[in-house]
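One structure is given here, and the rest of the page talks about it.
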Amino acid sequence: MDIPKNYNPKESEPKWLEFWEKEKIYAFDPESKAEVYSVDTPPPTVSGNMHIGHSFSYSQQDFIVRFQRMSGKNIFYPFGVDDNGLATERMIEKMKNVKGQFMPRQEFVKLCYTTVEKIRNDFVQDWKKLGVSADFNIFYSTINKHSQKISQRSFIELYKSGRQYRKEGPTIWCPECRTAIAQVEMKDEEKATSLVHIEAKTEKGEPLVFATTRPELYPSCVGISVNPNDGRYKKYVGQKIIMPLTNAGIELTTDEMIDPEFGTGVVYFCSSGDAQFLDWETRHPVKNKIYILNFDGTMNEKAGVYKGLTIAETRRRIVEDLSRLGAVKKTEQLKHSVNVHERCGTVVEYMVSKQWYIKYLDLKEEFIKYGRKIKWYPEHMRIRYENWINGLKWDWNISRQRHFGIPIPVWYCKKCNAIIAADENQLPVDPLVDKPSKKCKCGSGDFIGEKDVLDTWATSSLTPDIAVALFDKKTQKKLFPMNLRPQAHDIITFWLFNTVAKSYLHHKEVPWHNVMISGFVLDPYGKKMSKSKGNVIDPREIIEKYSADSLRFWAAGSRLGDDMPFQEKDLVTGSKFITKIWNASKFASIHLKDYDLRNPGKLHLMERWILSKLSKVVKESTENFMNYEYSHTKLAAETFFWHTFCDNYLEIIKDRLYNAERRGEDARLSAQYGLYQTLLAITKLMAPIMPFITEELYQLYFKSHENSKSVHLEKWPDINLIDEHAEHIGDFVVQVVEFVRRQKTAKQLSLKAPVKKLTIKAKIEETDFDEVEAEIRAATSAESIVFEPTRGKAPEKDVEIEVEF
RNA sequence: GGGCCCAUGGUCUAGUGGCUAGGAUACGACCUUCACAGGGUUGGGGUGCCGGUUCAAUUCCGGCUGGGCCCACCA
């Protein structure tokens, strides 16, 4: 079949997407005997559209998967979406102009469900258009019934094994929005504040001044500390410090965290709303904590006369009252960064309430051990994982006071307060609607359902289980542990770590054998892209303008794990590559019209040369793909194709292809063989990176000779025809041709301008030269060639060339 | 403040203890009917700064500067 003049990705890409889907090219086959390669695909958050960072990292993982598929593996590549998180909740609130907290939970959840259901398909479309070769029929959503069941079962299992417990703990709270928020919802903000120096007295009546930026928390003060090495205060340590206004007596303790340089070197700790306190408390347990804040940010009765006041009012009043007593010694203005709720800008408070935790601090060493059982690509990313584990201070809080999430599957007995977990066979449950399957041990049938939901990470850390559980037990064994977890480096500490933790707790097994960590896309100046900076790039526009293949080609240009600044002009390279391989294939198809895959008995030296070079490129490409170094494969294949194959090989064999009557049919057949084999191999090498153009070329030409339905089901090239001697002679030919080109360019002559006499001295035997003389003559348009072997004469250069025009 | 990573022509990158540091893009010159003007050939242009190890450093080590991600953040 003829190859048309031009290639149009706008027509071609949708055509092949449809073809792949219809022909189920990427379908997982549970019955296949082939080795399984399973991938724990990251489920993107349903909160808008695919961004450029997604297109970068999903392309990179897809290169690897496509390579593994062509290597004969039975690919398990599911696709999920994450739609139970805060991001989704916020998106729905914005889309529908509602506030979840002011709606009945059932109603809000229903709204989320139906909305997400509607947009999910469009959302996933972006990933298909990128050419991600997932089996989109193996699909899950982290809020669907299936995931709810898995997630709730995980909860119950951990509860029964004693790993899951409930206790009072701090929550990050926004007093303005009156809701618990997650760490990711906070941002830093520089705020001007005043540091108030307050004078207390020691037991013996000596003054002791401490400084605070949070005087409003004064009534909840439960501790006061200095640095153990601070000589100024050593003599007071252990004494009761008498606080002005409240007359509370608080023991002066020491703590390493105190910076003697800051303020006065004396710090007070308040059990309400203060993040510092939480850290301090781990070393100084406090029996009688005082909570003075209501969830709406006002003071409660524990604050005494300040009851009912807001934080700001309390602050002003307390400073006034202390001043009246003469206890305020100084007020310094300073700037510091505080955590605020990113949506409303309110400074967050740490409130104490009942929360569910997974106990895992005792497993740090195990987690590190498991991390070392996994192969990391790139290797150094493991260090981030270990740093995170070593720094863990709290158990894993998995409860959230939110609306749209997977319900925590427990009830509390109204009579005896016992916790009743749901039965596994009644999952999924909503304790606010459903009832336990049996009565409480105390005999009561009256329950209160847990209203909190699970944090999104509690579920997304189960993606291997969720995906694998879509199949029967026998198949599951082949799928788990999975082969690969691909993801970006920003969530090593969340998603990756949490998944290892859950896998340890449930299976005593690593969730996957390999992880590949992608980098970030930065803006053209190397800065982070963010919506607020307005420097984001929409990958859909890039695909529209340049094609998905070009975008993927660009994504293949960065080494795994490296961040890459985005510059639109870099997309041009991919488009040019497409044009080049299109035209080269067009050329080949013209000259291969009468070719029927015959293997010529004897190969011409230039064919032995190109096939030897090709063998090395294939070997290099294969090794690099096996090590997740797709960028090296791309570079090797690209350079080989453009320079070795197009610039030199094609130019050199033209004479034999066009002039069979003069050069002989055998010479032509040899060239056809080299042309076919090499171009087919290049097409296959590039198929994982540019799935569309390679499919187009395969379908247009190669398919009639090969027997796969798609290039993506073809066998990965395996060619081993290394011939060092042929390479040496072939390289010599190229060297001569390039030298003559340079001479012509220097004289501003056409490359086809005839050369009167070409004189070559080289360390090459005459017999070898005879084999390639005709090639040199044709490629240089030389009228006469004088060749002289230099042999043992040891000239300065291996090759000396003279050109006479 | 801590951890990890990165630093190569204007821009994006490859690579190496020693050949003339490779490619892409941008730019200049020339070529062009035989696959390709979204082309070909060719040219100029580069190892962030300071120190150390070494016969020799772009490569190894230390520091600095700049950038990225994560963590902790000042009572």
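Each reported figure results from applying straightforward, stated rules to the coordinates on display, with no laboratory input. Not measured: the values here are computed from a predicted model. With ideal geometry, Cβ positions are generated from the backbone for all residues, glycine too; neighbour counts draw on all protein chains shown.
Brief remarks follow.
- Value of Rg to Rh for chain A, rounded to two decimals, is 1.11; Kirkwood radius and Rg both from alpha-carbon coordinates.
- Size check on the stretch A:489-588: the Cα extents along the three principal axes, sorted descending, read 58, 42, 21 Å.
- Interchain or long-range residues, amide H under 5 Å from A:Lys191's placed H: A:His336, A:Ser337, A:Val338
- Every pair of different Cα atoms in the stretch A:532-638 enters the Kirkwood calculation, which places the hydrodynamic radius at 16.8 Å.
- Length released on extending from A:Asn247 to A:Tyr113, taking residue separation times 0.36 nm less the Cα-Cα span: 42.8 nm
- Per residue, the convex hull volume that the Cα atoms of the stretch A:403-548 enclose (Å³): 198 Å³
- In terms of overall dimensions, the C-alpha atoms belonging to the stretch A:662-791 reach 52, 34, 29 Å along their principal axes, ordered largest to smallest.
- Using the alpha-carbon positions of the stretch A:189-243, Rg (one decimal) and Dmax (whole number) come out as 12.8, 41 Å.
- Summary of packing: across the peptides A:44-51, A:705-712, the per-residue average of other C-beta atoms within 10 Å ranks them, highest first, as A:44-51, A:705-712.
- The stretch A:417-471, relative contact order in percent, only Cα pairs under 8 angstrom and at least six apart counted: 27 percent
- Note on the stretch A:1-153: semi-axes of the ellipsoid equivalent to its C-alpha gyration tensor, largest first and rounded to whole Å, are 33, 21, 12.
- Inter-label distance for A:His284 and A:Arg232, nm, one decimal - labels placed 7 Å from Cα along Cα-to-Cβ: 1.7 nm
- The stretch A:594-653 and the stretch A:363-404 have Cα centres separated by 44 Å.
- For the stretch A:298-412: Kirkwood Rh in Å [reciprocal of mean 1/r, alpha carbons]: 19.7 Å
- GluC sites (Glu not before Pro) within the stretch A:215-278, DSSP loop, no more than 11 other Cβ atoms inside 10 Å: A:Glu256, A:Glu261
- For chain A, the relative contact order comes to 15 percent (Cα pairs under 8 Å, sequence separation of at least 6).
- Among A:Gly519, A:Val338, A:Leu758 - extreme Cα towards positive end, dipole of chain A, charges at beta-carbon: A:Val338
- Restricting the stretch A:707-805 to GluC sites (Glu not before Pro) in coil, as DSSP defines it, with at most 12 other Cβ within 10 Å: A:Glu765, A:Glu796
- Unsatisfied cross-links (Cα-Cα over 23 Å) in the set A:Lys129/A:Lys569; A:Lys145/A:Lys414; A:Lys118/A:Lys145; A:Lys5/A:Lys715: A:Lys145/A:Lys414; A:Lys5/A:Lys715
- Short-range pairs are left out: with C-alpha atoms under 8 Å and at least six residues apart, the relative contact order of the stretch A:543-587 is 46 percent.
- In straight-distance terms, cross-link reach from A:Lys128 covers every one of the aspartates and glutamates whose alpha-carbon lies under 12 Å from its own, apart from those fewer than eight places away in the same chain; here that gives A:Glu13, A:Glu18, A:Glu21, A:Asp62.
- For the stretch A:1-92, GluC sites (Glu not before Pro) meeting the loop criterion (DSSP other than H, G, I, E, B) and having at most 11 other Cβ atoms within 10 Å: A:Glu31.
- Of A:Lys15/A:Lys709; A:Lys187/A:Lys307; A:Lys160/A:Lys474; A:Lys201/A:Lys329, pairs whose Cα-Cα distance is over 20 Å: A:Lys187/A:Lys307; A:Lys160/A:Lys474
- Cα-only Debye scattering, the stretch A:129-213: base-10 log of I(q)/I(0) at q = 0.11, 0.21 Å⁻¹: -0.75, -1.12
- Of all DSSP beta bridges in chain A, antiparallel share, percent nearest 5: 70 percent
- Modelled spin-label separation between A:Lys441 and A:Ile368, with each label point placed 7 Å from Cα along the Cα-to-Cβ direction: 3.8 nm.
- Ellipticity estimate at 222 nm from DSSP helix runs (n ≥ 4, -39,500 (n - 2.57)) divided over chain A, nearest 500: -12000 deg cm²/dmol
- Whichever aspartates and glutamates have a C-alpha closer than 16 Å to that of A:Lys580, once near sequence neighbours (fewer than 8 apart) are set aside: A:Asp549, A:Glu638, A:Asp647, A:Glu651, A:Glu695, A:Glu696
- Convex hull of Cα atoms in the stretch A:444-526, direction-averaged projection (nm²): 9.3 nm²
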